[in-house]
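Visitor: Okay, handing you the structure first.
The values are calculated or read from the model by the stated rules, or taken from the named source; none is laboratory data. The shown structure was predicted, so the numbers you read here are calculated from the model rather than taken from an experiment. For neighbour counting, all protein chains shown are included, and Cβ atoms are generated from backbone atoms with ideal geometry for every residue, glycine included.
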């Protein structure tokens, strides 16, 4: 409510006091636990990660180990940052990554829980850092077009591509591989991620040639990594910072079944 | 003759590369299997080169500090990639791309390299399309283009505001194909800590596994550094938080010359700093300058009223606004090159016309574009006398279709609606043209050590044009390095595996461990970020958009003092044998503290203004950059001698046989 | 059964197909039941046909039982697999922020429906088997209506019946639309289709509830 009043008068929200409940875990083999950290002086213009920077600076000054979290570009495109914030991947806002989430989305006095993305296929490395190499392995299984990079290909404009297909392919390709889909899914399923890559190529003439082998190989790898199954709750689509559509999963299902029946 | 041999092939400009490719030695496929290559960095330059080299048959090991090669900061490039395809039929050609790039770089780049870049640019697009990169297309199914600053043609290929992402994922997919074949071993969350030289040749690296803290030895017949630029020496930049100079700087300390460190690109359209908590700056694509008009108020009273919140920018009439780029540069207007646009913004803000609390922001206004597009759209719909509301509504829709994701990004960060009120922007450090000195083959002054992409200095001179970084990264990685490195490796076919138990590896590993030990054992007064922020302040204030001898001299001393304080008093928490972000940062900042000093030294020695390097002492009466071709038409390559300020200068004279040196004018 | 179809996508596909089949069966069942409200004679006639026709008994009925068992076992297998995909759960999980209760609790609505099927078999199917094959009673094409409405005299049973169909409604609200997505149907018609599935999911169970309550009130 306080937040609303401030917003109404277009005032800067200054100096929020918050309680952070953060998952701390030394390494992959030890058990972790939630630890409370009170924090003061948080401004609405800070990004969520800058708020964590403030906490870490305080911890370092006190001689405590700062909270480890993955982050890099801090502009929502590298896919490094993760964090389950108050029970949602990348926090309560839509179409943002954690680095784009700003503290003005919270209120003075709030308690915020911060946990790593959870899935057996995403083991915790330390604190809030997880190992998402399972995503890499899904891509390695077939997420490419097998052309040599020699440059001896046909001219870029030799094969026209229907604009709608090109746009759909692009939209699927905007996946940043952050893992929010897996984190949001009650089944820890990686179908949205996998289907986005399958779709990107399935929609382009360049990718169609290997479509059958690709979808089978990628789904096989996805299953081997121990991700759960899709039960169409739609949580992934809603939490995806890039708004990757469920249509991609439907497309992958079609591709997969037709690949399977083709043999 | 200088010790620097650029190895530019003889012959006419347009034939140099072809001739060179015909002349260099090749390695036969059976022998490639016995040769190892280390690739540090997996962005556009590193990822593309790793994929191509593995495909040729070499054994490649890639290293990146991120958890996956796909996260390299090339991914954040927004606007596009240039290529002289002339699909628009607007008169583009390899020569024109070459010309624009050399001119845009303020005549401080090598003709041979730039021409080669232009020559292979078209191939990049072919290659990427074949890989399934979803570039923007027109309704006819063919590729679309747009225009960028400093040029008069439309040669920029793009994928909305995410071109870098799509190109990087293309290179990453090519890498994945080779990882799946077992030809690339990828070491993620690994940081190169040092370069290992055996008999004067680069033969391996010491790397730290950032999860276990283990110090590892990796040997190879050649080492390629594709580790990006060093913009983070300024603390605040558009670079990723982890972007660092360690790999390049370690190579520099081992003997690779560092060229033109002072050439830094300050990008004109970034979101202004909002407070002390700021950790990084966000770019708003240059493509916005296609439609946005840049202005500040004409009168100081309005500036003050706006800062105090008594007036809104939309309250000011056209007469009360100063569209200073259009005023100063009528020919190019809002689409002048980046260095020019940045300096002009700084000039206005320094004169007291900055429009936010800190006085460091100017407006980027889309109102005219919304009106123009709205009228066009209404006309198309057959409304000859549309109402203002209708025009605004239609205009906003068009702007949204062009820049929707950027507007949304702005709104998320600033909490203001850029469709209603002008964006506030300010220049920020974006790209570093300087880097490791390389010859035509992209080899540094250490045999067997190569540098590609932003990590080298080669193609952009003193200022890079928009959409050329992606072009250079991929040109180096897909089409240049894979040829030129073979020439060197052809002499290594009988060498056999490089052992990692040699005294050279022992010594390098000990150096690395000692260094970590020193960092862990410092007195612990201040955090790493404390030092990084202080360094950033010195760099921004004294080595930033405008520099002068007095400031640069004092920067040299301040950076040295800060470095000494750092080594004595930095506080690194945690342990060295676990994941430890503080230790990682400390190692990087330690190198920035050395590079910063060399940066200032280079800027101090270059008594001229060119491109991104603007010395206040050297400007025209109108405040334009004043180049000194007589004395400074050279590449400044610095040799490490134990102390950054004592670095030894080597000059590579630049010869221009195919282009006439002129004063750059965009008026 | 989960072992035969190994890949996640194929399982999902099979789950959807069996679900769609059961939805179809539900519609058929409802059509017959509603006649009990309209015309007892017609109800008797249809019931007699279903209970004695060779094709229905020898082919459709086993297929239906297989469909139910398959849907249940596959659902359970997938649920176990899904739970195993996240051993350490969240301390704070805000599922309602991004998904419907129905979609997250298919296993529970499914188990309630399964339990109801037990009751249903106890009420109708087992007595029917006993009647026909154990006691070997002669055919009586008019007995169905009376037997059926007799079951709805007990308010507890009617209550259970109502609750079960509310769960069926919840199950269908997600499951019916979801099965189209699973078989790969997601395009410009999906929105309209979703409207239809939602309406179906509400109307059919309400109809069953109506029939039960109708007979109960009639008996009072």
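Visitor: I'm checking my understanding of the structure. Among residues of region A:116-132 that are over 15 Å from the mean Cα position of the chain (by Cα) and facing another protein chain (nearest Cβ under 7 Å), which one is surrounded by the most Cβ atoms within 10 Å (Cβ to Cβ)?
Guide: Checking each candidate, the answer is A:126.
Visitor: Scan (1) crowded, with 24+ Cβ neighbours inside 10 Å; (2) more than 14 Å from chain A (Cβ to nearest Cβ); (3) part of a loop (DSSP other than H, G, I, E, B) for the single condition residue B:91 breaks and write down its number.
Guide: (1)
Visitor: Within region A:133-156, is even one residue touching a helix residue (DSSP H, G or I) at 6+ places or on another chain (Cβ under 8 Å), more than 8 Å from chain B (Cβ to nearest Cβ) and more than 18 Å from residue A:206 (Cα to Cα)?
Guide: Yes, because at least one residue in region A:133-156 is touching a helix residue (DSSP H, G or I) at 6+ places or on another chain (Cβ under 8 Å), more than 8 Å from chain B (Cβ to nearest Cβ) and more than 18 Å from residue A:206 (Cα to Cα).
Visitor: So, one more: When residue B:256 is evaluated against the numbered criteria (1) within 12 Å of chain A (Cβ to nearest Cβ); (2) part of a loop (DSSP other than H, G, I, E, B); (3) over 24 Å from residue A:69 (Cα atoms), which criterion, by number, is the only one it fails?
Guide: (1)
Visitor: Output the number of residues of region B:296-332 satisfying the condition of being out of contact with any helix residue (DSSP H, G or I) (no Cβ under 7 Å at 6 or more places or on another chain), in contact (Cβ under 8 Å) with a residue 12 or more places away in the chain and either in a helix (DSSP H, G or I) or within 12 Å of residue B:362 (Cα to Cα) (or both).
Guide: Residues flagged as out of contact with any helix residue (DSSP H, G or I) (no Cβ under 7 Å at 6 or more places or on another chain), in contact (Cβ under 8 Å) with a residue 12 or more places away in the chain and either in a helix (DSSP H, G or I) or within 12 Å of residue B:362 (Cα to Cα) (or both) within region B:296-332 amount to 6.
Visitor: Do any helices (runs of 4 or more DSSP H) lying entirely in region C:113-220 carry at least 2 residues that are in contact (Cβ under 8 Å) with a residue 24 or more places away in the chain, and which ones are they? Lay out the reasoning, then the answer.
Guide: Details: elements: C:126-129, C:143-151, C:155-182, C:190-219.
Once the helices (runs of 4 or more DSSP H) in region C:113-220 are filtered for at least 2 residues that are in contact (Cβ under 8 Å) with a residue 24 or more places away in the chain, what remains is C:143-151, C:155-182, C:190-219.
Visitor: Follow-up question, since we're still on this one. Within region B:175-185, does at least one residue satisfy the condition of being buried (at least 23 other Cβ atoms within 10 Å of the Cβ), within 12 Å of residue B:63 (Cβ to Cβ) and at pLDDT 95 or above?
Guide: Within region B:175-185, one or more residues are buried (at least 23 other Cβ atoms within 10 Å of the Cβ), within 12 Å of residue B:63 (Cβ to Cβ) and at pLDDT 95 or above.
Visitor: Going through A:243, A:226 one at a time, which residue ends up being outside any helix (DSSP H, G or I), within 8 Å of chain C (Cβ to nearest Cβ) and in contact (Cβ under 8 Å) with a residue 12 or more places away in the chain?
Guide: The unique qualifying residue is A:226.
Visitor: Of all residues in region B:22-40, how many are more than 15 Å from residue B:448 (Cα to Cα) and out of contact with any helix residue (DSSP H, G or I) (no Cβ under 7 Å at 6 or more places or on another chain)?
Guide: Looking only at that region, the number is 8.
Visitor: Spot the failing condition for residue A:236; the list is (1) at positive phi; (2) crowded, with 19+ Cβ neighbours inside 10 Å; (3) more than 7 Å from every other protein chain (Cβ to nearest Cβ), and only one is missed.
Guide: Only one criterion in (1) at positive phi; (2) crowded, with 19+ Cβ neighbours inside 10 Å; (3) more than 7 Å from every other protein chain (Cβ to nearest Cβ) is unmet by residue A:236, namely (1).
Visitor: Filter region B:186-228 for residues that are outside any strand (DSSP E or B), more than 18 Å from residue B:244 (Cα to Cα) and away from every other protein chain (no Cβ under 14 Å) and give the result.
Guide: Just the residues of region B:186-228 that are outside any strand (DSSP E or B), to begin with: B:188-189, B:199-200, B:210-214, B:220-221, B:226-228.
Applying the additional criterion that residues be more than 18 Å from residue B:244 (Cα to Cα) yields B:199-200, B:211-214, B:220-221.
Answer for region B:186-228, where residues must be outside any strand (DSSP E or B), more than 18 Å from residue B:244 (Cα to Cα) and away from every other protein chain (no Cβ under 14 Å): B:199, B:200, B:220, B:221.
Visitor: Is it fair to say residue A:248 is in a loop (DSSP other than H, G, I, E, B), crowded, with 24+ Cβ neighbours inside 10 Å and either touching a helix residue (DSSP H, G or I) at 6+ places or on another chain (Cβ under 6 Å) or more than 9 Å from every other protein chain (Cβ to nearest Cβ) (or both)?
Guide: Values: in a loop (DSSP other than H, G, I, E, B): no; crowded, with 24+ Cβ neighbours inside 10 Å: yes; either touching a helix residue (DSSP H, G or I) at 6+ places or on another chain (Cβ under 6 Å) or more than 9 Å from every other protein chain (Cβ to nearest Cβ) (or both): yes.
So residue A:248 does not fit the description; no.
Visitor: While we're looking at this one, here's another question. From C:31, C:77, C:35, which residue is over 30 Å from residue A:184 (Cα atoms) and surrounded by 17 or more Cβ atoms within 10 Å (Cβ to Cβ)?
Guide: C:35
Visitor: Among the residues of region A:201-210, write down those that are closer than 20 Å to residue A:260 by Cβ and surrounded by fewer than 20 Cβ atoms within 10 Å (Cβ to Cβ).
Guide: A:208, A:209, A:210
Visitor: For region A:53-95, which positions are touching a residue at least 40 places away in the same chain (Cβ under 8 Å) and away from chain C (no Cβ under 14 Å)? Walk me through it before giving the result.
Guide: Here is the first cut: in region A:53-95, the residues touching a residue at least 40 places away in the same chain (Cβ under 8 Å) are A:67-70, A:76-84, A:88-91, A:94-95.
Listed by number, the residues that qualify are A:67, A:68, A:69, A:70, A:76, A:77, A:78, A:79, A:80, A:81.
Rundown of residues vs (1) surrounded by fewer than 21 Cβ atoms within 10 Å (Cβ to Cβ); (2) under 18 Å from residue A:115 (Cα atoms); (3) touching a strand residue (DSSP E or B) at 6+ places or on another chain (Cβ under 6 Å), yes/no style:
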{"residue": "A:64", "(1), (2), (3)": "yes, no, no"}
{"residue": "A:67", "(1), (2), (3)": "no, yes, yes"}
{"residue": "A:77", "(1), (2), (3)": "no, no, no"}
{"residue": "A:81", "(1), (2), (3)": "no, yes, no"}
{"residue": "A:87", "(1), (2), (3)": "yes, yes, no"}
{"residue": "A:90", "(1), (2), (3)": "no, yes, no"}
{"residue": "A:95", "(1), (2), (3)": "yes, no, no"}
{"residue": "A:101", "(1), (2), (3)": "no, yes, no"}
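Visitor: Oh, and also: Given the structure, is residue A:40 outside any helix (DSSP H, G or I), at pLDDT below 95 and either in contact with a strand residue (DSSP E or B) (Cβ under 6 Å, 6 or more places away or on another chain) or at the interface with another protein chain (Cβ under 9 Å from one of its Cβ atoms) (or both)?
Guide: no
Visitor: So which residues in region C:85-120 are within 22 Å of residue A:234 (Cβ to Cβ), out of contact with any helix residue (DSSP H, G or I) (no Cβ under 7 Å at 6 or more places or on another chain) and facing chain A (nearest Cβ under 7 Å), if there are any at all?
Guide: Within region C:85-120, C:85, C:86, C:89, C:90, C:92, C:93, C:94, C:97 qualify.
Visitor: Take region B:153-184 and flag every residue that is more than 18 Å from residue B:285 (Cβ to Cβ), facing chain A (nearest Cβ under 10 Å) and not in a helix (DSSP H, G or I).
Guide: B:184
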